[in-house]
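Asker: So that we are looking at the same thing, I have put the structure below in structure tokens.
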Amino acid sequence: MSLLSRVLPALRLYCIGLAVLLHQLLRRLRPGGALAPVFPKQNGNVAIVTGGAKGIGYHTAKHLARLGMHVIIAGNDESEGREAVRKIKEETMNEKVEFLHCDLASMKSIRQFVQQFRAKNCPLHVLVNNAGVMLVPERKTEDGFEEHFGLNYLGHFLLTNLLLETLKQSGTHSHNARVITVSSATHYVGRLHLNDLQSRYSYSPHEAYAQSKLALVLFTYRLQHLLTTDGSHVTANVVDPGVVNTELYKNVCWAAKVVKWMTAWLFLKTPEEGASTSIYAAVSPELEGVGGIYLYNEQRTKSSDVSYDEELQQRLWTESCKMTS
């Protein structure tokens, strides 16, 4: 792998990150600022939030619990999950918050999670595909997939498809069930290598991460197409949280860590701010029956041109079905 081919993906990623940071700064400096929206109560509704024990996922789960939802946090760290449940119950006074183990890097674990959930015989109104890893060194999941692609994308692909029947049964004409998938602005520089989805021939953590985030957008649009064709009362949307001050940045280069440490308070969103678009997509009445859109700062936004390629969406879906069968 040449030096140029190693450096270019990183440059593209950091350039798009810089553009988002500048946009966030301008938005923060804008006088007045938007008031936080007030959403209707969700009593009786059930939500699953992957990676809900920390960061954006934690604040998403907490807000949904505050609205009265029965929230199930799906994660791979038992003690972290139990602590998150304790804190959310304490802060929201909602006792219907629980943790179920789900390792998205393991197809076996995902299937066991779904079995546990089904055993509860409860509906499912909101699925938030939030968990993810970023810029990890080259390594494989339990099933032999490149970790960004396997955990960020394939794990959520399988989880969503296994829960789809429950989502369809839970949605109604006046109250659709919702699938919310968290991508990022890095998808704009992502390229889908259908002949090498596992990055076997040349590995770049930056390129692998961007590819996984593009795959999530393509997946969402294809899922919405299938749901519409089926006449299901389920919608699928994808959200961009912005650049958020979370633990995900532990694998960036040392120079980026120094810059982040010095400027996070000014440029980066807090995890609570980062969760706002996921929450909006999950419960806003404005999105009732609306699917197949990309949301940033609670606004409908155009995703990358390639993400609208219907043939690419279909080919990725077909390949993903083979990988997870």
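Asker: Out of the range 274-319, which residues are of a type in the set (Ser, Thr, Tyr) and in contact with a strand residue (DSSP E or B) (Cβ under 6 Å, 6 or more places away or on another chain)?
Answerer: Here is the first cut: in the range 274-319, the residues of a type in the set (Ser, Thr, Tyr) are 276-278, 280, 284, 294, 296, 301, 303-304, 307-308, 318.
Result: THR277, SER278, TYR294, TYR296, THR301, SER303.
Asker: In addition: Return yes or no: is THR181 over 18 Å from the mean Cα position of the chain (by Cα) and surrounded by 15 or more Cβ atoms within 10 Å (Cβ to Cβ)? If you could, list the steps in order and put the result at the bottom.
Answerer: Working: over 18 Å from the mean Cα position of the chain (by Cα): no; surrounded by 15 or more Cβ atoms within 10 Å (Cβ to Cβ): yes.
Against the criterion (over 18 Å from the mean Cα position of the chain (by Cα) and surrounded by 15 or more Cβ atoms within 10 Å (Cβ to Cβ)), THR181 does not qualify.
Asker: Any idea which of VAL38, VAL46 is more than 17 Å from GLY132 (Cβ to Cβ) and modelled with pLDDT of 95 or more? Don't jump to the end; show me each part of the working.
Answerer: Working: VAL38 fails: modelled with pLDDT of 95 or more.
Step by step, each of VAL38, VAL46 is checked, and only VAL46 is more than 17 Å from GLY132 (Cβ to Cβ) and modelled with pLDDT of 95 or more.
Asker: When you scan the range 184-203, do you find a residue that is surrounded by 20 or more Cβ atoms within 10 Å (Cβ to Cβ), touching an Asp or Glu at 6+ places or on another chain (Cβ under 7 Å) and under 24 Å from TYR58 (Cα atoms), even just one?
Answerer: Yes: one or more hits.
Asker: So which residues in the range 83-99 are over 21 Å from GLN116 (Cα atoms), in contact (Cβ under 8 Å) with a residue 12 or more places away in the chain and among the acidic types (Asp, Glu), if there are any at all?
Answerer: The answer is GLU91, and nothing else.
Asker: Got a number for residues in the range 277-320 being open to solvent by 40 Å² or more (accessible area, probe 1.4 Å) and either more than 30 Å from ASP196 (Cβ to Cβ) or modelled with pLDDT under 95 (or both)? If you could, list the steps in order and put the result at the bottom.
Answerer: Taking the range 277-320 first, the residues open to solvent by 40 Å² or more (accessible area, probe 1.4 Å) are 285-286, 288-289, 298-302, 305-306, 308-311, 314-315, 318-319.
Remaining after also requiring either more than 30 Å from ASP196 (Cβ to Cβ) or modelled with pLDDT under 95 (or both): 285-286, 288-289, 298-300.
Here the count works out to 7.
The values are calculated or read from the model by the stated rules, or taken from the named source; none is laboratory data. Computed from a predicted model, the values in this text were never measured in an experiment. Here the Cβ is made from the backbone with ideal geometry for all residues, glycine too, and neighbour counts use every protein chain on show. Keep in mind that these areas ignore ligands, DNA and RNA; they rest on the heavy atoms of the full protein, side chains included. Shrake-Rupley method; radii C 1.70, N 1.55, O 1.52, S 1.80 Å.
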